[in-house]
Amino acid sequence: MNLNSHIAFALAVGLAAFHNLEVAILVGIGAALPDLDREYIFTRRKVFAKYQLHRALFHNIFVATLITYFNLYLGLGIFLHMALDLLTSPTDRGIEPFFPLGRIVNAFKLHYDGKISRSKGIMWYLEDPASLINRTADPGLREPKKIPWIRIYGPFKNSRLADWTIFYGSFIFTQLYNINNLLGWWEEFLELAFIKFGLIDTGIIIFYVLGELWRRKLQFIYVGTLTKGLIMGGMTIGLALILLQGAQLYSPNSLLDNDTIELGLLCFGIGFILALIHVKWRFKEIIM
């Protein structure tokens, strides 16, 4: 989904869930963070395509959970961002929720040409629909080789009807939600967004404006060293502002204590081992 849809949707959910504009803005800020993994100037396009980092590096449950522990509302925004992106098509690359652990297993059983692979180790079940992706996705998102289907895809195309419905619907909701004091709401919103959270919001704006300028236009034409340096310098400043104020938002939540987290990890680890034994015994092969 488009970044504006992510932010508007997160803001609407934050208002509906917490009835607090400051909290809602934090949720919106969180929703803006995952797309920092786009193929911007810091990464060569071929390198980015090789490692397929977009919608993987910051679109996974591990980063989202870590940020949720850091700040509940930022984490909620990231989870909302992921929820919308997993509804998008293979062309848009969905999300890779288990990155990087999902890439430890490279084998898959069923190929699109009907071939069936055999392996004594763990396999994913299906091949990723590379033929479709390589015909329709942006060049930096195409797959250089056959890989297993480890992303989650949905039926919707980025920046089409569903995307804009979410944006307009969310925006209208935020306005009608505060219709009795709309002017006061906007005054409070602007004060919070650009004064209290001004550094991180300014950093996000700088980073994405310059990043999209590079991604959509400048990387395809010749630009001088000075221009490239200015773009990179501006994006570095934007990222620094995000990190500077982001570090000040540390507010660990009390939903789960460390003992509960450790117990959960232990139980899932044991469960994984038991599942390996069960599936191997039952099916004579291990498919995720």
Worksheet item: Considering amide H positions built from the backbone, and no H for Pro or chain starts, which residues 5 or more places from Met123, or on another chain, come under 5 Å of its amide H?
Response: Ile286, Ile287, Met288
Discussion item. Would you calculate the convex hull of the Cα atoms in the stretch 3-255 and tell me its volume per residue in Å³?
Written reply: 142
Worksheet entry | Cross-link pairs beyond the 29 Å C-alpha cut-off, checked among Lys157/Lys217; Lys115/Lys284; Lys157/Lys284; Lys120/Lys157; Lys145/Lys228; Lys157/Lys196 | Lys157/Lys284; Lys120/Lys157; Lys145/Lys228; Lys157/Lys196
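Arranged from highest to lowest average of other beta-carbon atoms within 10 Å per residue, in what order do the peptides 125-131, 101-107 appear?
125-131, 101-107
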Practice prompt. Can you figure out the FRET efficiency of Glu191 with Leu230, using R₀ = 30 Å and their beta-carbon distance, to the nearest 0.05?
Written response: 0.45
Worksheet item: Taking the Cα-to-Cβ direction at Glu285 and at Arg118 and moving 7 Å from each Cα, how far apart do the two end points lie in nm?
Response: 0.9
Discussion item. Pairs of alpha-carbon atoms within less than 8 angstrom and 6+ residues apart define the contacts here; what relative contact order does the stretch 3-255 have, in percent?
Written reply: 22
Item to complete: Just subtract the alpha-carbon distance of Tyr168 and Leu101 from 0.36 nm times their residue separation and send over the number in nm, one decimal.
Response: 20.5 nm
Response to the item:
Mean Cβ-within-10 Å packing, highest first, puts peptides 149-156, 67-74, 16-23 in the order 67-74, 149-156, 16-23
Discussion item. Given an 8 Å cut-off on Cα distances and at least 6 residues of separation, report the relative contact order of the stretch 1-143 as a percent.
Written reply: 22
Worksheet entry | Dipole moment magnitude, nearest 20 debye, the stretch 3-255 about Cα centre, only Lys, Arg, Asp, Glu C-beta charged | 1480
Worksheet entry | Listed residue (Pro129, Leu239, Thr88) projecting farthest to the positive dipole end of the chain, Cβ model | Pro129
Worksheet item: Among the chymotrypsin sites (Phe, Trp or Tyr not before Pro) within the stretch 87-124, which fall in a DSSP loop and have no more than 15 other Cβ atoms within 10 Å of their own Cβ?
Response: Tyr112
Fill in: Order of Met123, Met288 - criterion: other Cβ atoms within 10 Å of each residue's Cβ, fewest first
Met288, Met123
Discussion item. Taking R0 as 45 Å, what FRET efficiency do you get between Leu218 and Asn20 from their Cβ-Cβ distance, rounded to the nearest 0.05?
Written reply: 0.65
Discussion item. If I model a spin label as a point 7 Å beyond the Cα along the Cα-Cβ vector, how far apart are those points for Ile273 and Tyr51 in nm?
Written reply: 3.3
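How high is the FRET efficiency between Leu183 and Thr65 when r is their beta carbon distance and R₀ equals 41 Å, given to the nearest 0.05?
The value I calculate is 0.60.
Coordinate-derived values only; no laboratory data. Values in this document were obtained by computation on a predicted structure and should not be read as measured data. Cβ sites come from the backbone with ideal geometry, for glycine too, and all protein chains shown count toward neighbours.
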